[in-house]
Amino acid sequence: MHPPGADTVLVRHGDLNTKSTSVKRYMEGLLVEHLEALVADRSVPGTVVRVWNRPRIETTEATIDAAVDAATDAFGVVSASPCLTVEPELSVITDTLANIAPAVYDGGSFAVDARRADKNLPFTSQAVAEAGGTAIWEAVESSFEPTVDLDDPDHTFGVEVRSETAYIYTDSVAGPGGLPLGSQAPMVALVSGGIDSPVAAYELMRRGSPVIPVYVDLGEYGGPDHEARAVETVRTLASFAPDHDLSVYRVPGGETVSHLAETMEQGRMLSLRRFFYRIAETIAADTGAQGIVTGEALGQKSSQTAQNLAVTSRATDLPIHRPLLTMDKQEIVERAREIGTYHDSTIPAGCNRIAPDRVETNGRIDPLLAVEPTDLFERADAAAADATLVSLRE
Ligand SMILES: Nc1ncnc2c1ncn2[C@@H]1O[C@H](COP(=O)(O)OP(=O)(O)OP(=O)(O)O)[C@@H](O)[C@H]1O
């Protein structure tokens, strides 16, 4: 809940603080641009102000919650607080705390968490905490029996005093953390539209890599809503990145998928993954992407045993990033729900089964190469060359 009158969002970042001054300055610039794009895309009125260590969004009280949502969707943001801004004077700060306390305090323990960014101010953060605590106490004691708990309070009144302004807040909303989008090189994301691959793509975005989504059309094995699932999940990912183009590369793979199904029994699923990776590699070469991201998790499927990942990975020299490798399915599902891709991922796609009756769990490269179509990679290159772009803009 925001304090009455809050019209500014204070934005905190985390991993940027481990960087050198020049890198941090560059990344803060990216973060501010990204915040500006999110705020504009969601028609939140206001201005993003670039301040060393603490960017902020100045908006209105009516739109403060939407501004907090935008800030906490930005990659690199650890948390954001809707704030009141006042003069950095002790009496003004304590009066403000006394004014907002009755609206946000409804019993239980409280604490004042005071910080001072400017060491030249004529009062300490301890003085703010003590005077602020007294002011809050006196404002609510006629209606409640307040207690102070500095370790685990029910209510925290935050005060951050900087040389020009003091920020007063009662809530901190968690952001995704990570690094600003665009601070790392782009990656090709193989997106099937299932539950896992959109989460994997999101994780790379969270660490700063824009993704180039690639969906391989499986032809008669895909089912009527297979492509829709992929495109809709990417649309959700794109809502976190309005300043990046997430048009989907739709690659016609149906003919090769049918060929694999007709000509291979053992190893078919491994060759299919090798076909995907090779397509991704080709598109990466065209787009400057520096790696491939997939939704694979160790042992989740027969094609994802340690042996099979070793065999399939040999199809490309590019690094294959598997951010979900060690995650359990339930964790991935929870993540998909948080991000908002879960619903579209569970649209029944009506896929036909490609997997053979007896699945391979212990693949080895030489036996596989003996049965795999010799032109598999030429097929992948040709399919990638025939890709069409699905724009997400209506
Ligand atoms: N049709 C496809 N187009 C693009 N990439 C795909 C496709 N099918 C699978 N992949 C990639 O290969 C990975 C492993 O394939 P798998 O068969 O496990 O996918 P899935 O279960 O259909 O979907 P997901 O892994 O997204 O839940 C996926 O996470 C995804 O990165």
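The values are calculated or read from the model by the stated rules, or taken from the named source; none is laboratory data. As the structure is a computational prediction, the values presented were derived from the model and not from experiment. Quick reminder, even Gly has a Cβ in these numbers, built from the backbone with ideal geometry, and neighbours come from all protein chains shown.
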- Hits in region 154-183 - residues which are within 21 Å of D73 (Cβ to Cβ) and surrounded by fewer than 18 Cβ atoms within 10 Å (Cβ to Cβ): V173, A174, G177
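Residue-by-condition table, conditions (1) at pLDDT 95 or above; (2) within 30 Å of P242 (Cα to Cα):
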{"site": "T294", "(1), (2)": "yes, yes"}
{"site": "L318", "(1), (2)": "yes, yes"}
{"site": "E360", "(1), (2)": "no, no"}
{"site": "L368", "(1), (2)": "yes, no"}
- Message: I'd like to verify a number: residues in region 200-226 that are within 13 Å of the ligand (Cβ to nearest atom), in a helix (DSSP H, G or I) and surrounded by 19 or more Cβ atoms within 10 Å (Cβ to Cβ), how many?
- Response: 6
- Query: Does D149 meet the test of being of a type in the set (D, E) and without any contact (Cβ under 8 Å) to a residue 40 or more places away in the chain?
  - Reply: no
- Members of region 184-199 that are small (G, A, S) and away from the ligand (no atom under 11 Å from the Cβ): A185
- Query: Name the residues in region 353-394 that are among the aliphatic types (A, V, I, L, M) and over 35 Å from the mean Cα position of the chain (by Cα), would you?
  - Reply: I365, L368, L369, A370, V371
- Message: Can you go through A297, A284 and tell me which one is outside any helix (DSSP H, G or I) and either within 12 Å of the ligand (Cβ to nearest atom) or surrounded by 20 or more Cβ atoms within 10 Å (Cβ to Cβ) (or both)?
- Response: A297
- Message: Suppose we filter P180, P213, P198 for residues that are touching a helix residue (DSSP H, G or I) at 6+ places or on another chain (Cβ under 6 Å) and under 19 Å from R54 (Cα atoms); which single one remains?
- Response: P180
